[in-house]
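Engineer: The structure under discussion is supplied below as structure tokens; questions concerning it will follow.
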Amino acid sequence: MIDVTNLTKHYGRHIAVDDLSFTVRPGVVTAFLGPNGAGKTTTMRMILGLDRPTAGRALVNGRPFEQHRAPLREIGALIDAKGTHPGRPARDHLSALAATTGISKRRVGKVLDLVGLSEVADRRSGGFSLGMGQRLGIASALLGDPHTVMLDEPVNGLDPEGVLWIRNLLKSLAAEGRTVLVSSHLMSEMALTAEHFIIVGRGRLIADMSGSELTAMTEPTSVRVRSPHARQLRDLLAGDATDIAIRGHDLFDVVGVDADEIGARARSANLQLQELTPARASLEDIFIDLTKDAVDYHGATDSTNSTHKLENPR
């Protein structure tokens with residue numbers, strides 16, 4: 001478990017992290033999200049004791065990271081995938097880490113297999129691609145078989161097979177009862193991987209909730225209707241719907257009439273329904289709405305004018 005309490009970090013007049021508090025619990029994958037410059041990496045560095053907080057504290061399994069007798073067995077972290085000596089082979093890099101922390105050499109071979117680097121284990125890491133470097137960083141994080149895993153942008157540089165692999169790996173670690181915290185800018189991937197979401201902006205907490213709670217904050221954007229009586233249903237709804245998009249002979253999407261009302265009208269007209277599914281905003285849409293006031297740099301094609309309005313934004 002990771003406990004962050006009133007964590008604050010100043011760099012001169014710049015406030016990188018501002019009175020931040022949250023808890024990352026075991027058994028679920030927790031996504032740590034925020035725009036560039038939101039304070040995610042700085043927060044992770046303070047959790048690891050790499051940066052000293054201006055105020056507040058961060059505990060890993062009840063203690064500051066540096067107070068654990070065997071830190072790599074408590075938390076494995078990937079902050080910088082390039083943090084290896086380029087002239088050192090992957091196996092030697094992991095063996096050196098193992099030797100300094102009392103981890104067996106057998107564990108080195110096991111994590112190399114786990115991350116798919118066994119065949120290139122004796123190659124110098126300086127010749128690795130970005131994706132291979134990420135895999136080596138993940139191997140380093142898992143070397144101590146830690147209770148807690150914290151990865152900063154682990155999907156960067158991975159090909160589609162690699163993205164699927166890291167998704168399944170994170171889920172399997174959480175299923176074993178470990179604490180898993182992962183940051184990423186790939187919202188579509190986090191929607192598939194994480195169950196809980198911590199969102200920050202300009203160093204402050206914006207949201208700390210489950211995926212279902214996040215989704216429930218948005219109004220349905222449309223309702224998908226499937227029925228053998230699709231034409232009759234469309235006629236019933238035409239007067240009140242703001243838009244009806246036909247997707248097939250028995251399938252259409254409705255905007256402007258909610259699912260309860262559609263169901264009631266179908267029942268009154270004795271028309272069969274096979275599907276009635278409200279569609280909500282994607283995680284990306286929700287993220288943009290929540291963080292639109294915390295983005296420092298807006299491009300000319302800024303998407304902050306999202307139409308997916310939040311019912312109860314924090």
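Engineer: If Leu170 meets every condition in (1) under 29 Å from Ala96 (Cβ atoms); (2) not in a helix (DSSP H, G or I) apart from one, which number is that one?
Structural biologist: (2)
Engineer: Are there any pairs with C-beta distances below 6 angstrom linking a residue in the stretch 215-243 that is under 30 Å from Phe287 (Cα atoms) and without any contact (Cβ under 8 Å) to a residue 60 or more places away in the chain to a residue that is among the aliphatic types (A, V, I, L, M) and part of a loop (DSSP other than H, G, I, E, B), with the two at least 6 apart or on different chains, and if so which?
Structural biologist: Ala241/Val257
Engineer: Here is a list of conditions, (1) surrounded by 12 or more Cβ atoms within 10 Å (Cβ to Cβ); (2) modelled with pLDDT under 95; (3) of a type in the set (S, T, N, Q), and Gln274 meets all of them except one; can you say which number that is?
Structural biologist: Checking Gln274 against (1) surrounded by 12 or more Cβ atoms within 10 Å (Cβ to Cβ); (2) modelled with pLDDT under 95; (3) of a type in the set (S, T, N, Q), the one that fails is (2).
Engineer: Can you report the number of residues in the stretch 195-251 which are under 30 Å from Ile2 (Cα atoms) and basic (Lys, Arg)?
Structural biologist: First pass over the stretch 195-251, keeping only residues under 30 Å from Ile2 (Cα atoms): 195-218.
Checking the rest, the ones that are also basic (Lys, Arg) come to 202, 204.
Adding up the residues that qualify gives 2.
Engineer: Before we move on, is Thr179 in the same structural domain as Arg25 (by TED's automatic domain parsing), farther than 28 Å from Lys292 by Cβ and either more than 31 Å from the chain's Cα centre (by Cα) or crowded, with 21+ Cβ neighbours inside 10 Å (or both)?
Structural biologist: Numbers: in the same structural domain as Arg25 (by TED's automatic domain parsing): yes; farther than 28 Å from Lys292 by Cβ: yes; either more than 31 Å from the chain's Cα centre (by Cα) or crowded, with 21+ Cβ neighbours inside 10 Å (or both): yes.
For Thr179, the condition - in the same structural domain as Arg25 (by TED's automatic domain parsing), farther than 28 Å from Lys292 by Cβ and either more than 31 Å from the chain's Cα centre (by Cα) or crowded, with 21+ Cβ neighbours inside 10 Å (or both) - is met.
Engineer: Considering only strands (runs of 3 or more DSSP E) fully contained in the stretch 1-102, which possess at least 1 residues that are over 23 Å from the mean Cα position of the chain (by Cα)? Can you show your working first?
Structural biologist: Working: elements: 2-11, 14-24, 29-33, 55-60, 75-78.
It comes to 2-11, 14-24, 55-60.
Engineer: Within the stretch 93-107, can you find the residues that are of a type in the set (A, V, I, L, M, F, W, C) and without any contact (Cβ under 8 Å) to a residue 24 or more places away in the chain? Spell out the reasoning first.
Structural biologist: The first filter runs over the stretch 93-107 and keeps only residues of a type in the set (A, V, I, L, M, F, W, C), leaving 94, 96-99, 103.
Hits for the stretch 93-107 are Ala96, Ala99.
Engineer: Also, I was wondering about something else. Report, by residue number, each residue of the stretch 106-139 that is assigned to a loop (DSSP other than H, G, I, E, B) and either within 22 Å of Asn156 (Cβ to Cβ) or hydrophobic (A, V, I, L, M, F, W, C) (or both). Walk me through how you get there before you give the answer.
Structural biologist: Step one: of the stretch 106-139, the residues assigned to a loop (DSSP other than H, G, I, E, B) are 116-117, 121-123, 128-129.
Across the stretch 106-139, the qualifying residues are Gly116, Leu117, Ala121, Arg123, Phe128, Ser129.
Engineer: If you don't mind, another one. Taking into account only those residues within the stretch 195-221 that are aliphatic (A, V, I, L, M) and in contact with a Phe, Trp or Tyr (Cβ under 9 Å, 6 or more places away or on another chain), which is surrounded by the fewest Cβ atoms within 10 Å (Cβ to Cβ)?
Structural biologist: Step one: of the stretch 195-221, the residues aliphatic (A, V, I, L, M) are 198-200, 205-207, 209, 214, 216-217.
Retained after the next criterion (residues that are in contact with a Phe, Trp or Tyr (Cβ under 9 Å, 6 or more places away or on another chain)): 198-200, 205, 207, 209, 214.
Details: Ile198: 24, Ile199: 23, Val200: 25, Leu205: 18, Ala207: 20, Met209: 15, Leu214: 21.
By that ranking, first place goes to Met209.
Engineer: Just give me the residues in the stretch 24-40 being at pLDDT 95 or above and farther than 14 Å from Ile206 by Cα, in sequence order.
Structural biologist: Val24, Arg25, Pro26, Gly27, Val28, Val29, Thr30
Engineer: Of all strands (runs of 3 or more DSSP E) completely enclosed by the stretch 211-271, which ones contain at least 1 residues that are in contact with a Pro (Cβ under 8 Å, 6 or more places away or on another chain)?
Structural biologist: Values: elements: 222-226, 243-248, 251-255.
The strands (runs of 3 or more DSSP E) meeting that bar are 222-226.
Engineer: Can you name the residue in the stretch 190-205 that is under 19 Å from Val29 (Cβ atoms) and of a type in the set (Gly, Ala, Ser) and is also modelled with the highest pLDDT among such residues?
Structural biologist: Checking each candidate, the answer is Ala194.
Engineer: Just to be sure I understand, how many residues within the stretch 1-42 are hydroxyl-bearing (Ser, Thr, Tyr) and buried (at least 22 other Cβ atoms within 10 Å of the Cβ)?
Structural biologist: So in the stretch 1-42, the residues hydroxyl-bearing (Ser, Thr, Tyr) come out as 5, 8, 11, 21, 23, 30, 41-42.
Those left that are additionally buried (at least 22 other Cβ atoms within 10 Å of the Cβ): 30.
Summing the residues that are hydroxyl-bearing (Ser, Thr, Tyr) and buried (at least 22 other Cβ atoms within 10 Å of the Cβ) in the stretch 1-42 gives 1.
Engineer: With the requirement that a residue be over 9 Å from His147 (Cα atoms) and out of contact with any Lys or Arg (no Cβ under 7 Å at 6 or more places or on another chain), what does the stretch 73-82 give you?
Structural biologist: So the first thing to find is which residues in the stretch 73-82 are over 9 Å from His147 (Cα atoms), and the list is 77-82.
Ala77, Leu78, Asp80, Ala81, Lys82 - these are the residues of the stretch 73-82 that are over 9 Å from His147 (Cα atoms) and out of contact with any Lys or Arg (no Cβ under 7 Å at 6 or more places or on another chain).
The values are calculated or read from the model by the stated rules, or taken from the named source; none is laboratory data. Only a predicted model underlies this, so the values are computations on that prediction, with no experimental measurement involved. Reconstructed Cβ throughout: ideal geometry from the backbone, glycine too, with neighbour counts over all protein chains shown.
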